[in-house]
Amino acid sequence: MLIRLRYGRRLQTYLKIGACVLVGLCYFAFLFRESLNAYEHRERATAAELEADSEPSKQQLKLKRQQLQRQRILAKQQEQGKGIAGGNASAGSSSSQAAAPPPPPATTLNPVYEYSEELHSRTERELQRRSEHLAAVCDRYKLQEKYPPNPWEFFVSPGHNNLVWCNVFKAASSTWMYYFNILAGYDVKYLQRTETQPLELARKRFPRPELGELMELLPSALSFLFVRDPFERILSAYRNKLEGNKNTFYKALGNKIVHRYRKRNLGGPWPRCGPTFEEFVRFLIAEHAAGKRFDEHWAPVYSFCTPCSVNFTIIGKTETFQRDSEFIIRQAGLESLLLGLGKLPQRKQRKIGNQARSGVKSEALVERYFADLDRSTLDQLLKIYRIDFELFDYDYRRYYDMVHPWSMEQSTAASGGPAVASTSTTPSIASGLAGHSTQGQAT
């Protein structure tokens, strides 16, 4: 009996030891498999990066070959056109009946837009007029002293003829972000399939410059920015970031604006539809009055890109975006890299371009949104953006035809009688300058 008991205890001990050994082996096998998976994942990531780094050269060579082929075809067609024109000239009076067909235009960003030397000269004169107008406004209000250079959103590409761009958000910035990623060496196919934000990709290759580095480079650089009607720009930012509280990153800000400026029924829940445009405008006015810095999507250009302190070579506008962009590309000698690029898929364009899902452009909806504002609110909003209107030669007076001619307070006070028209006057630039002395780099 004693022998059987000892034998049973020994068997239990062996079984326990065996079970521990088995568990240990399984654990080490699990660790080995996880390490192997991590190693394979790291290898795949490295291979993808190498592919992204190596493929751009193939893409660039392909684009260069296509550009050269187009140039040869264009040259042949021009020679044929000259030959036909010469034959018609020798034919005498019959030449008027058989005119030679004009040669086709060079490849452009937009098939509707035709490039020519005459258009190039006209564009050059228009860009010169914009620069002179901006310089005159800067001198008139001494804005150089008020707003020193702010390098926060500048992109510098020394390897491409010292190309310098200040990124104005909500002013066709997604297209030029795409171009700078091409200049950075990313493959077009990689940009189409990656989920990484274009701004993050670009900053890996074009880090933010130091102020001294930027100022040293500017005299020999081709520097430019694109601007937009200031109120259309802030409306576009509102629709993309705050309307409907659909943007996850800005949802907290939207809730903050609603809680601060919206009245709710006693005991009722807060609505979840996000702030209205009128509430957003009141938020901007309050932030400006408190001297706080604006988000980059609605920060005024004069404090963001500081055009009075940075002598930009070219001031482009979204209204003439295709023409101005091609002018910049040709001036920088980047035709083989940027002209004729295939467009991104529509879904990708909407994602990286911060476009509204409806596809309706903000400029087509300005009157509908500004109809919710009153004249007094518009006066206060102009104190913030009046300088941008003046610098870039946009007309702010048309917005007074869209808003209510009376303020909300006056209409409430006059509920027992007729509403009294607002006596507020258009704010001067000096009043707008007072509130922006502390507004430098946007956050």
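The values are calculated or read from the model by the stated rules, or taken from the named source; none is laboratory data. Just so it is clear, the model here is predicted, and its values are computed rather than measured. Positions of Cβ are generated from backbone atoms using ideal geometry, with glycine treated the same way; all protein chains shown enter the neighbour counts. Calculation scope for accessible area: heavy atoms of the full protein, side chains included, ligands and nucleic acids excluded. Shrake-Rupley method; radii C 1.70, N 1.55, O 1.52, S 1.80 Å.
Using Cβ point charges alone (K and R +1, D and E -1), the dipole size of segment 117-399 about the Cα centre works out to roughly 1480 debye. Of the chymotrypsin sites (Phe, Trp or Tyr not before Pro) in segment 211-306, the ones in a loop by DSSP (not H, G, I, E or B) with at most 15 other beta carbons within 10 Å are F249.
Taking amide H atoms as placed 1.01 Å from N in the peptide plane, the amide H of D374 lies under 5 Å from those of H404, each 5 or more residues away in sequence or on another chain.
Look at the dipole of segment 117-399 built from charges on Cβ: of S223, H160, L382, the Cα furthest out on the positive end belongs to L382. Heavy-atom accessible surface of segment 117-399, averaged per residue, reaches 45 Å², computed with a 1.4 Å probe. The tail of the calculated P(r) for segment 117-399 beyond 23 Å holds 58 percent of all Cα-Cα pairs. The fraction of accessible area contributed by carbon and sulfur in segment 117-399 is 48 percent, rounded to a whole number (1.4 Å probe; ligands and nucleic acids excluded).
Over segment 117-399, what is the relative contact order in percent, taking alpha-carbon pairs closer than 8 angstrom and at least six residues apart? Before the final figure, lay out each step's value.
Details: 306 pairs, mean separation 84.5, N = 283.
Once divided by the residue count of segment 117-399, the mean separation gives 30 percent.
With a cut-off of at most 12 other beta carbons within 10 Å, and DSSP calling the residue loop, which trypsin sites (Lys or Arg not before Pro) in segment 365-396 qualify? Please list them. Taking segment 365-396 and a limit of 12 other Cβ atoms within 10 Å, no loop trypsin sites (Lys or Arg not before Pro) are found.
How far, in nm, would the chain grow between A364 and K142 when pulled straight, counting 0.36 nm per residue and subtracting the alpha carbon separation? Numbers along the way, then the final one.
Numbers: separation 222, 0.36 × 222 = 79.92 nm, distance 3.48 nm.
Length difference between fully extended and current span is 76.4 nm.
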